[in-house]
Amino acid sequence: MLRPREAVRTLPVYHPPLAGRKGLRLDFNENTAGCSSRVLEKLRSLDAEHLAKYPEREPVEAVVADFLRVDASELLLTNGVDEAIHLLCETYLQPGDEALIVVPTYSMYRIDVMAADAQLISVPVSGGFRFSAESVIAAISTRTRFIAIANPNNPTGTVASGDQLLQIARSAPEAAVLVDEAYFEFYGETMLKEWRLSSNIFVARTFSKAYGLAGLRLGVLAGDREQMRAVRRVSSPYNVNAIALACLPEALADQAYISRYVDEVLQTRARLESALEANGIQFWPSRANFVLAKVGSSKPDAARFVEEMRRRGILVRDRSSDYACEGCVRITCGPREHGDRLLAALSEVCKEPGIVQGALR
Ligand SMILES: Cc1ncc(COP(=O)(O)O)c(C=O)c1O
């Protein structure tokens, strides 16, 4: 009988709770307002010829390289950061190798590492979700071949400094070190080009968050040119579809849209953090477009809060099952009007007896 590989048979299933998302989408850290109108215009202009042809990635890679001020040989466009993670695991991990992540963090690192039949080493984050380079370095062994760090991290919104990341990369010269900058636009600091200081560093960016293109599936992986040559070998030449490739230059060209959107999100984030504080709810100051808040002490507490918000038309994400996140929910921040709706619902829910509990009150 045909049987999948052992590593696949034992793989945990990742089921993002997407079904029937009705309401204001503050549950997946997406852009809640939609992409630049220039992208929509481009979409409307595409014809049958465009769809009939295999997609050509290189010309658009040249545009992205120009935008990021790197050489085109130093980057690869991917089907979202998710594919970049997958490609790195395919390129660098063999069965029995070790891969490090700092938990809690983005779920797909674990899935791709396990699918590659490598050994996952989860380094627990320190108190207050502070990033500790020392803990990561202490977990590095002679078998470490992959280290994935989201910066800012999801779901905590906390960050590692450039010095810490460089120190880690230099401590594991035989490991591919992924700095996942999916939330870069909300943070502003980058490790792009730091592979000139340590050639094992890779930086990933996405167009799923600030750019509002999660449905198109577009990401970028950048790194040392020799390393990227290897990564490109395992990638399909048609990994990014023609529609996404046609839209990407338009999305990049409208930086005014991105700055406006990011500005509003940062204002909403500040308003949300103030409201949480005023209501005595513990939260972790975030550098991304979301905030992790502890609304209770258990999974049922978080589930009740999520349900009360949903009844008021606001979707937020229960993160209770993540390491050290009991009773926590993650709330995405959108532009001003979405911030208003979020804060109105939050204020109502906080007045309901017994919904928000155990936190700072
Ligand atoms: C840290 C991090 N990396 C990657 C992704 C996925 O990005 P993409 O949509 O480009 O695959 C997410 C999405 O939530 C994320 O939080």
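The values are calculated or read from the model by the stated rules, or taken from the named source; none is laboratory data. Computed from a predicted structure; not experimentally measured. FYI the Cβ positions are ideal-geometry reconstructions off the backbone, even for glycines, and counts take in every protein chain you see. Protein only, heavy atoms only, side chains kept; ligands, DNA and RNA dropped before computing areas. Shrake-Rupley method; radii C 1.70, N 1.55, O 1.52, S 1.80 Å.
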*Residue-span extension gain [Ala344 to Arg38] - 0.36 nm each, minus C-alpha spacing*: 106.9 nm
*Hey, in the GNM for the chain with a 10 angstrom Cα cutoff, which one of Ala99, Ala293, Ala62 fluctuates hardest?*
Ala62
*Residue-by-residue Karplus 3J(HN,Hα) for region 339-348, coefficients 6.51, -1.76, 1.60, Hz, glycine and proline x*: x, 4, 5, 4, 5, 5, 5, 4, 4, 5
*Which value, in Å² and to the nearest 10, is the accessible area of Glu337 when all protein chains are kept and the probe is 1.4 Å?*
120 Å²
*Under a plain spin-label model, where a point goes 7 Å from the Cα along Cα-to-Cβ, how far apart in nm are Gln119 and Arg312?*
4.8 nm
*Taking the Cα centre of each part, how many Å lie between region 285-361 and region 15-33?*
14 Å
_Segment Leu51-Val13, extension gain: residue separation times 0.36 nm, minus the distance between their alpha carbons_ = 10.4 nm
*Mind checking which of Leu213, Val8, Val349 is farthest towards the positive end of the chain's charge dipole, using Cβ charges of +1 (Lys, Arg) and -1 (Asp, Glu) about the Cα centre?*
Val349
*Average projected area of the Cα convex hull of region 239-280, in nm²?*
4.5 nm²
*asked:* Give me the dipole magnitude in Debye, nearest 20, for the chain about the Cα centre, with unit charges on the beta carbon: positive for Lys and Arg, negative for Asp and Glu.
replied: 760 debye
_Backbone HN-Hα couplings from phi across region 321-332 [Karplus 6.51/-1.76/1.60, Hz, Gly and Pro as x]_ = 7, 6, 3, 6, 10, 3, x, 9, 10, 10, 10, 7
_One quarter of the convex hull surface, Cα atoms only: what value does that give for region 276-333 in nm²?_
3.9 nm²
*For the chain, can you list the cysteines whose C-beta has no other cysteine C-beta under 4.7 Å from it?*
Cys35, Cys89, Cys247, Cys333, Cys350
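Based on DSSP H runs of at least 4 residues, each adding -39500 (n - 2.57), what is the mean residue ellipticity at 222 nm of the chain after dividing by all its residues, to the nearest 500 deg cm²/dmol?
Working: 14 runs with 146 residues, N = 361.
Calculated at 222 nm, the ellipticity per residue is -12000 deg cm²/dmol.
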_Contact order relative to length of the chain, as percent, for alpha carbon pairs under 8 angstrom and 6 or more apart_ = 22 percent
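Highest first, please rank the peptides 5-14, 50-59 by the mean number of other Cβ atoms sitting within 10 Å of their residues. Mind dumping the intermediate values first?
Numbers: 5-14: 10.3, 50-59: 12.3.
Final packing ranking: 50-59, 5-14.
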*Compute the distance in nm between two label points, each set 7 Å from the Cα along the Cα-to-Cβ direction, one at Ser161 and one at Phe67.*
3.1 nm
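Tell me the Kirkwood radius of region 154-220: reciprocal of the mean inverse pair distance over distinct alpha-carbon atoms, in Å. Write out the running numbers ahead of the final one.
Working: mean 1/r = 0.0783 Å⁻¹.
Value: 12.8 Å, from the Cα pair sum.
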*To the nearest 0.05, what FRET efficiency results for Asp263 and Arg3 with a Förster distance of 56 Å applied to their C-beta separation?*
0.60
_For region 155-163, 3J(HN,Hα) per residue [Karplus equation, 6.51 cos²θ - 1.76 cosθ + 1.60, θ = phi - 60°, Hz, x = Gly/Pro]_ = x, 8, x, 8, 10, 10, 7, x, 4
*Evaluate the relative contact order of region 104-246 (contact order divided by residue number), counting alpha-carbon pairs under 8 angstrom at least 6 apart; express in whole percent.*
17 percent
_Radius ratio Rg over Rh of region 228-361, counting only Cα atoms, Kirkwood formula for Rh_ = 1.12
_Relative contact order of region 1-151, defined on C-alpha pairs under 8 angstrom at six or more residues apart (%)_ = 22 percent
*For region 190-306, just the Cα atoms, rotate onto the principal axes and tell me the three extents in Å, largest first.*
51, 31, 29
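For region 1-146, compute the orientation-averaged projected area of the C-alpha convex hull (one quarter of its surface), in nm².
14.6 nm²
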*Per 20 Å bin, what is the whole-percent P(r) computed from every C-alpha pair distance within the chain?*
29, 57, 14, 0
*Most mobile of Asp163, Asp301, Asp322 in a GNM of the chain (Cα contacts under 10 Å)*: Asp163
*Using unit Cβ charges (K, R positive; D, E negative) and no other charged atoms, how large, in debye to the nearest 20, is the dipole of region 1-153 about its Cα centre?*
620 debye
